[in-house]
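This report concerns only the one structure given below.
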Amino acid sequence: MLKRLSFGLIALLGLALVGCAHSPQQLDPNPKLTGTINAVGQGQPVVVRVVDGRSSPVLGTRGGLYPETSAVSVPSANVIPKLQTQAEAAVRLLGFTPSPNAYNAPQLTLTLAELKYQSPKEGLYVTEATIGATFRVEAVNGGRRYNGRYGATLNQRFGMSPNEQTNTKLVSDVLSDALSRVFRDQSIGELLAQ
């Protein structure tokens, strides 16, 4: 009887410890432009480039008992092509024509500078996360240049540790917010239109 009770206790303890450890998550976010963008162009060609300026695809960890095993990452290949598509769509909404090989055309470079996922370090369970995204923009037209930095942050509380689907949505929302802030800045369209 005692042997069976101790085996049950060990099994229960093992399950509890496994519940405290999180496996890594590789996210595949889907950023989308939101809000309205005022057209200022007349169909002029613009070269649009999107680059990954992050030092690592790892955003952070989800905390828990073993934070080193709970990394949250977004590989460049999962996000940069989608950001390129959205940036080209935004340039069209601004009234320009994205033209990758246009000679001597204005250029817009959008750099994903930072993507972060931060959880409290203490505690066995993840109950909160702060997700942040930052873009750097450089617009060049002739001898004129405009540089900007745009970011968005989201603080989210959880009843239980977030799964990959939840984290993918949160990162998508933050990227969408930061991206939309970029293209709502009228200085970019005005410089490209000059």
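The values are calculated or read from the model by the stated rules, or taken from the named source; none is laboratory data. Values in this document were obtained by computation on a predicted structure and should not be read as measured data. All Cβ positions, even for glycine, are placed from backbone atoms using ideal geometry, and neighbour counts span all protein chains on display.
Figures for the structure shown
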{"item": "Enumeration of residues in the range 160-182 that are out of contact with any strand residue (DSSP E or B) (no Cβ under 9 Å at 6 or more places or on another chain) and in a helix (DSSP H, G or I)", "result": "Gln165, Lys169, Ser172"}
{"item": "Hey, Tyr103 over 15 Å from the mean Cα position of the chain (by Cα), over 28 Å from Ser23 (Cα atoms) and of a type outside the set (D, E, K, R) or not", "result": "yes"}
{"item": "Pair list, Cβ under 6 Å, 6 or more apart: the range 130-157 residue within 18 Å of Arg49 (Cβ to Cβ) and free of Cβ contacts under 8 Å to residues at least 24 places away in the same chain, other residue surrounded by 14 or more Cβ atoms within 10 Å (Cβ to Cβ) and among the charged types (D, E, K, R)", "result": "Asn147/Glu138"}
{"item": "Count of the range 159-182 residues which are of a type outside the set (A, V, I, L, M), out of contact with any Gly (no Cβ under 8 Å at 6 or more places or on another chain) and either buried (at least 16 other Cβ atoms within 10 Å of the Cβ) or closer than 12 Å to Gln25 by Cβ (or both)", "result": "11"}
{"item": "Any pair with Cβ under 6 angstrom, 6 or more apart, that starts in the range 23-44 at a residue that is among the basic types (Lys, Arg) and ends at one that is at pLDDT 95 or above", "result": "Lys32/Ser176"}
{"item": "Which listed residue is closer than 30 Å to Val40 by Cβ and buried (at least 20 other Cβ atoms within 10 Å of the Cβ), from Leu108, Leu191", "result": "Leu108"}
{"item": "1 or more residues at pLDDT below 95 and under 21 Å from Thr168 (Cβ atoms): qualifying strands (runs of 3 or more DSSP E) within the range 1-120", "result": "58-61, 71-73, 107-118"}
{"item": "Residues satisfying the stated conditions in the range 153-188, i.e. among the β-branched types (Val, Ile, Thr) and closer than 26 Å to Ala90 by Cβ", "result": "Thr153, Thr168, Val171, Val174, Val182, Ile188"}
{"item": "Ala193 being in contact with a strand residue (DSSP E or B) (Cβ under 9 Å, 6 or more places away or on another chain) and under 17 Å from Val48 (Cα atoms)", "result": "yes"}
